[in-house]
Structures are given as C-alpha cells and as structure tokens.
Amino acid sequence: MKKNLVWILVVVASVAIGGVGSYFCFGNTNSKEEPLPKQEKSEGLRGVYDIDKNINEKTIDNYLGRSDTVYRDVRMLLDSATWENKGGERELTGFVEGFEVVPYAYLTEFPSEYIEQKASENVSGLYTGKTLFSLDKEGNYVANYKESMEILEYLFPKDKYIFLMCGAGGYANFTKQMLVALGWEKEKIYNVGGYWNYEGNRRISTVNKHGSKTKYDFWKVNYHNIDFDELTEIHL
C-alpha cells in the first residue's frame, strides 16, 4: 500500500514538473503580443498612399507571425493593368511569407480619379469586372451582393490588426480607405507598403523558369478567390 502511494506521488510530481517546464519552454499561449508601434505616415508620396513609417517593406519581417494580426496582399494573381510601363509587374511573382492574397480589384471599383491618374502615367487596363461593392456618386460603398459584407468581414476580421500590402502601396491604401468607410477601426489597419520594394528575407517566389519559358507557381499562394456567380446579386 505504501509503495503504491509513493508511486502515485512520484507520478503526480513528474506531471507537475513537466507542466511547469513546458510553460517556460514554450511560453504562455495566452500571453499578449508586444504592442505595435502607433501608425505614422511616411514622408512624400509614400505618405500620400498612407504607407506606415514604422512597419513597412524594410521592417515587416519583425512583425510576421503575430496571432493578433492577419496579413493580406491585395494584388491579383495576374493583373490586367500595364504595370510594366511604370516599372511594376502584372504577375504576382512572389509574396511575403504569411500573407494571404485577396485582390482589391474584386472588392470594389477603382475611383475615376485613380483611373485618370494611372492613364497619365501610361498605366491602362485596370480591372473593370464584377466587384463586391460599387461606388455611388457621393463616394459611398454600395453592396452588389447580399453576401458582400459577410465576405469582407471574414477576409478582414475586425477583431484583428490588419497588415495590407500590394505592389507599390496604392491598392493597399484603397483597401484601407474602404474598410474604414465601412466601419473598421483605422488604428488597426496598417498599409505596410509594396512587395516590389520588399527588403526582407521571408520572400516566397512563384517564378518557375524552364529555359526561355517562365511559369508561375500560383499553387504556393494562399489565394481567396471570389466566385461571383455563386453570390446573390442585389438588383437596385
């Protein structure tokens, strides 16, 4: 009887010690993340695009993998616009690890002034297909489908910080403006700039060259496609 009691105490003690060790080895899973720097606009044109001064293409690697943050790249897999005329790329040639792709072009239409600005920069062919929302004459976002807001809230959860990236920062800026206009907290949404200017070490390339031919391994991309044919259109 005494031997059995001693054995039970040994087992209980071992479990307790192991639990404490695991706590210190792996950390407290309920612990909060380190506070993010408050948003601060960059200078010059980057500031016009609302690209953050502290969390951007140079520093983003320091802020990856946070449980309180979602990471969204709002480019298209294959953009219809002639971004090569401005030194950019149509193809999504790569992305930063942890970022999921949700094309801004599928969220809402481009403002007319942006289309005109790009035309003056020799960039044409911006996407004009179906979108979750449209812009009315007053600049308000109007849902085109009954599921539009549900989809937006799922892809951009309000209870998380949201890091937005695109090619150069423009699409990310428009996405942030849209979310804020529809009720998201501005302080929780960071425009972290453009992949074309990324300087970190967590780049995942989709480029797959075979001799003179180039293919793109888009299967590497965590891509959120929106099948508009399966949605319930709102007829105004």
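Out of the range 165-180, which residues are within 15 Å of Tyr106 (Cα to Cα), crowded, with 22+ Cβ neighbours inside 10 Å and of a type in the set (A, V, I, L, M, F, W, C)?
Answer for the range 165-180, where residues must be within 15 Å of Tyr106 (Cα to Cα), crowded, with 22+ Cβ neighbours inside 10 Å and of a type in the set (A, V, I, L, M, F, W, C): Cys166, Ala172, Phe174, Leu179.
Go through the range 173-236 and tell me which strands (runs of 3 or more DSSP E), entirely inside it, have 3 or more residues that are of a type in the set (Lys, Arg) and over 21 Å from Glu150 (Cα atoms).
In the range 173-236, there are no strands (runs of 3 or more DSSP E) which contain 3 or more residues that are of a type in the set (Lys, Arg) and over 21 Å from Glu150 (Cα atoms).
Only residues that are in a helix (DSSP H, G or I) and within 24 Å of Tyr114 (Cβ to Cβ): list them for the range 35-84, please.
Within the range 35-84, the first condition is being in a helix (DSSP H, G or I), and the residues that meet it are 45-48, 60-63, 83-84.
Once the filter is applied, which keeps residues that are in a helix (DSSP H, G or I) and within 24 Å of Tyr114 (Cβ to Cβ), the range 35-84 yields Leu45, Arg46, Gly47, Val48, Trp83, Glu84.
Under the condition of being within 24 Å of the chain's Cα centre (by Cα) and in contact (Cβ under 8 Å) with a residue 40 or more places away in the chain, which residue from the range 221-236 is farthest from Val74 (Cα to Cα)?
Residue satisfying both the conditions and the ranking: Leu231.
Within the range 175-217, count every residue that is under 27 Å from Val142 (Cα atoms) and of a type in the set (Val, Ile, Thr).
Count: 4.
Residues of the range 85-105 being in a helix (DSSP H, G or I) and within 22 Å of the chain's Cα centre (by Cα), which ones? Lay out the reasoning, then the answer.
From the range 85-105, those in a helix (DSSP H, G or I) are 85-86, 104-105; that's our starting set.
Tyr104, Ala105 - these are the residues of the range 85-105 that are in a helix (DSSP H, G or I) and within 22 Å of the chain's Cα centre (by Cα).
Among the residues of the range 106-139, write down those that are part of a loop (DSSP other than H, G, I, E, B) and within 23 Å of the chain's Cα centre (by Cα).
Result: Leu107, Glu109, Phe110, Pro111, Leu126, Tyr127, Thr128, Gly129, Lys130, Thr131, Leu132.
Scanning for something under 19 Å from Gly87 (Cα atoms), over 14 Å from the mean Cα position of the chain (by Cα), at pLDDT 95 or above and not acidic (Asp, Glu), does the range 182-196 turn up at least one residue?
At the first step, the residues of the range 182-196 found to be under 19 Å from Gly87 (Cα atoms) are 193-196.
From what's left, over 14 Å from the mean Cα position of the chain (by Cα): 196.
Now drop any that are not at pLDDT 95 or above, which leaves 196.
When the remaining residues are screened for being not acidic (Asp, Glu), the result is 196.
Within the range 182-196, one or more residues are under 19 Å from Gly87 (Cα atoms), over 14 Å from the mean Cα position of the chain (by Cα), at pLDDT 95 or above and not acidic (Asp, Glu).
Across the range 180-213, what is the total count of residues that are closer than 9 Å to Glu57 by Cα and touching a helix residue (DSSP H, G or I) at 6+ places or on another chain (Cβ under 6 Å)?
Final tally of qualifying residues: 2.
Which of the residues spanning the range 60-78 are buried (at least 16 other Cβ atoms within 10 Å of the Cβ) and either touching a residue at least 60 places away in the same chain (Cβ under 8 Å) or of a type in the set (Lys, Arg) (or both)?
Here is the first cut: in the range 60-78, the ones buried (at least 16 other Cβ atoms within 10 Å of the Cβ) are 60-61, 63, 69-76.
Within the range 60-78, Ile60, Asp61, Tyr63, Thr69, Val70, Tyr71, Arg72, Asp73, Val74, Arg75 meet the criteria.
The values are calculated or read from the model by the stated rules, or taken from the named source; none is laboratory data. This structure is a prediction, so every number in the text was calculated from the model and none was measured. A quick note on method: Cβ atoms are made from the backbone with ideal geometry, for glycine too, and the neighbour counts reach across all protein chains shown.
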